[in-house]
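The values are calculated or read from the model by the stated rules, or taken from the named source; none is laboratory data. The shown structure was predicted, so the numbers you read here are calculated from the model rather than taken from an experiment. Every residue, glycine among them, receives a Cβ derived from its backbone with ideal geometry; neighbour counts consider all protein chains shown. These area figures cover heavy atoms from the full protein model, side chains too; ligands, DNA and RNA do not enter into them. Shrake-Rupley method; radii C 1.70, N 1.55, O 1.52, S 1.80 Å.
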Amino acid sequence: MAGRFFLTTPIYYVNDAPHLGTAYSTVNADALARWHRLIGDDTWFLTGTDEHGLKMARAAQDQGVTPIEWVDKMSRRYLEAWSGLEISNDDFIRTTEPRHIEAVQRFMQAIYDNGYMHKGLYEGWYCVSCEAYYPESDLIGGNLCPLHERPVEWLTEENWFFELSRFEQPLLEWYEKHEDAIFPASRRNEALGIIKGGLQDISITRTSIDWGIPVPWDSAHVVYVWYDALINYITAIGYGEDPGRFADWWPSVHHLLGKDIIRFHCVWWPAMCLAAGIEPPAHFIVHGWLLVGGEKMSKTKLNQIDPVELAPDGGVDALRYHLVREVTLGADGDFTYEGLIARYNADLANNLGNLLARVAAVVASKCGGIGPAPRAAGPDVRLSEVAAEVVTAWREAWSGFAGHEALEATWRLVRAANGELEAAEPWKLEPGEAVEAVLGDALEALRIVAVLVSPVMPSAAGELWRRIGLAGRPDEPASGGEAGDLRWGVYPGGRSVTKGEPLFPRRAGEH
Ligand SMILES: [Zn+2]
């Protein structure tokens, strides 16, 4: 039965160019969203950009432009990068849009009216790059930001404070009732640890800058950039503006985020929701860091690598495949270009690409280029048995946010299909029933593989679909037609099979 699936990525701070780390989050989110659409879920996939704060204001000043001119330009890089990576987001939110400014002001006013804001003096060590205060004990050598290793500044401000300290108990009770709220479970313990360690009220407005959203009851203040950013998740579904739409999508949301922003997402944000009188978000999917030679894909390092540039000539699908296949979602992963090429050659060029090339070649030489239909499923048709088992594993894997396992399962079918061809050697047989049986089964395996890989490799899946002579697309939800149907025996036969150029040409290891 179809359900609803609302998925978000963090919104990316526009001062940093899109890089492999943000591509990792976004591609994994995209594959999940595409999988949910494929199984017929009503899906809403949201990403966007975070555009306020001192750092943006200063960057614009350095460039001699207004802040809005600067963020317009910077935000476009994300739209371009995600378009290049075939990201299928349904909405792209920018925190400088009127809809967001209005939603933030409504939300803030609700918290104020509910009595969870007070005015107070704030002073502390502030890193402009992080847009965050740090306790002295966290600083390197007493004056460097632990993330940027750059000097912090001492700021004193009279600010509005959000009374986070009052939410220790409510948050613990909420997590008690929502045991599966955080995936993986180890991250739940981390969030609970932060809450149990004691929560301080947080300074959430600034008077030192005006590049931000004005506080509705005190216009000398703007909202602190992090606080405003989190609210994007409800702006996009009509908070305070379209109650029907909001009720359709909230609170059953899935927030995908990196482990370094657990405090903001799993502690601040649910407390903010409780304070404003709405349910906290239902689910957090916390991924690890993508490491490059053991180093975090951080905001300041390696941010010059345009992720699209890393895609081998086989297309961005190969990069998307690697980003989902290489790392277990939730764990840290290592990225190397050599690893990307090695996996591309092994899985895509030598396995899947080779399977298609072989089948198409034998269909051309033995069947006049017309693909035969598969045999009926049964114990004597080994591929039909493997396919059924693989489809079940694939479904379970995606339901559990384990895209890498879904691909692993899919490749069992690819290998089995290659194995059947090698055992039967149809290229050595005379044209006839035996040849047609082997090729029909192999074509059906390829059809099913095209559907199975479509959330991760939408273009390659579409091309595979076309080459075996099918109409439409493999990633259309199953609705009685050819598309998206994972049952054995759907390939109709009688279709022209095209060999064409290799789907995934082999690549040398150099970049
Ligand atoms: Zn910093």
- prompt: Length gain on complete extension for the stretch THR328 to ARG263, per 0.36 nm per residue less the alpha carbon to alpha carbon distance?
  reply: 21.2 nm
field: In degrees, nearest ten, helix 382-399 long axis to first principal axis of the chain (Cα)
entry: 0 degrees
query: How far is helix 403-424 tilted, in degrees, relative to the longest principal axis of the Cα atoms in the chain, given as a value from 0 to 90 rounded to the nearest 10?
result: 10 degrees
task: Determine which residues of the stretch 14-52 fall in the zone a paramagnetic label at ARG4 would reach in this model, i.e. backbone nitrogen under 13 Å from the point 7 Å along Cα→Cβ.
output: 42-45
task: Can you send over the solvent-accessible area of THR207, 1.4 Å probe, protein chains only, in Å² to the nearest 10?
output: 70 Å²
- request: Provide the per-residue ³J(HN,Hα) series for the stretch 139-148, in order, calculated from phi with Karplus coefficients 6.51, -1.76, 1.60 and θ = phi - 60°, each as a whole number of Hz, with x at glycine and proline positions.
  value: 7, 7, x, x, 8, 10, 4, x, 8, 9
Contact order relative to length of the chain, as percent, for alpha carbon pairs under 8 angstrom and 6 or more apart: 16 percent
message: Can you compute the FRET efficiency between HIS148 and GLU396 using 1/(1 + (r/R0)^6), with r the Cβ-Cβ distance and R0 = 60 Å? Round to the nearest 0.05.
response: 0.90
query: What residues from the stretch 155-184 fall in the zone where the backbone N is under 11 Å from a label point 7 Å along the Cα-to-C-beta line of ASP201?
result: 159-166
- request: Using only the alpha carbons of the stretch 1-131, determine the length spanned along each of the three principal axes and report them from longest to shortest in whole angstroms.
  value: 53, 41, 27
- request: For HIS287, list long-range residues whose amide hydrogen, built 1.01 Å from N in the peptide plane, is under 5 Å from its own amide hydrogen.
  value: LEU257, GLY258, LYS259
query: Does a label point 7 Å from the Cα of TRP217, set along Cα-to-beta-carbon, have any residues of the stretch 79-119 with amide nitrogen under 17 Å, and which are they?
result: 104-119
- prompt: To the nearest 10 degrees, how steep is helix 458-467 against the longest Cα principal axis of the chain, on a 0 to 90 scale?
  reply: 20 degrees
- request: Count the DSSP beta bridges whose two residues both fall in the chain, then state the antiparallel fraction as a percent rounded to the nearest 5.
  value: 50 percent
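Report the extension gain between ALA364 and ALA342 in nm, rounded to one decimal, defined as 0.36 nm multiplied by the number of residues separating them, less their alpha carbon distance. Write down the numbers at each step before the final one.
On the way: separation 22, 0.36 × 22 = 7.92 nm, distance 3.03 nm.
That pair, ALA364 and ALA342, stretches by 4.9 nm at full extension.
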message: I'd like the isolated cysteines in the chain, meaning no second cysteine's beta-carbon lies under 4.7 angstrom from theirs.
response: CYS266, CYS273, CYS367
- line: Expected unfolding gain across LYS428-SER208 under the 0.36 nm per residue rule, minus the alpha-carbon gap, is 71.3 nm
- request: With a cut-off of at most 12 other beta carbons within 10 Å, and DSSP calling the residue loop, which trypsin sites (Lys or Arg not before Pro) in the stretch 184-270 qualify? Please list them.
  value: none
task: In vacuum, with every alpha carbon of the stretch 55-143 counted as one equal point scatterer, what does the Debye formula give for log10 I(q)/I(0) at q = 0.18, 0.19, 0.24 Å⁻¹? Two decimals, please.
output: -1.11, -1.11, -1.12
- prompt: Which is the longest part of the chain that has none of the GluC sites (Glu not before Pro) sitting in a DSSP loop with at most 15 other Cβ atoms within 10 Å?
  reply: 242-509
- line: Residues meeting the amide H criterion for THR49 (H placed from the backbone, H to H distance under 5 Å, 5 or more places apart or on another chain) are TYR12, ILE93, ARG94, THR95
query: So what are the three principal axis dimensions of the stretch 303-437 from its Cα atoms, in whole Å, longest to shortest?
result: 57, 32, 21
field: Derived scalar couplings ³J(HN,Hα) [the stretch 58-66; Karplus, 6.51 cos²θ - 1.76 cosθ + 1.60; whole Hz; x for Gly, Pro]
entry: 5, 4, 5, 4, 4, 8, x, 10, 6
- request: For every helix of n ≥ 4 consecutive DSSP H residues, a contribution of -39,500 (n - 2.57) applies; sum these over the chain, divide by its total residues, and give [θ] at 222 nm rounded to the nearest 500 deg cm²/dmol.
  value: -13000 deg cm²/dmol
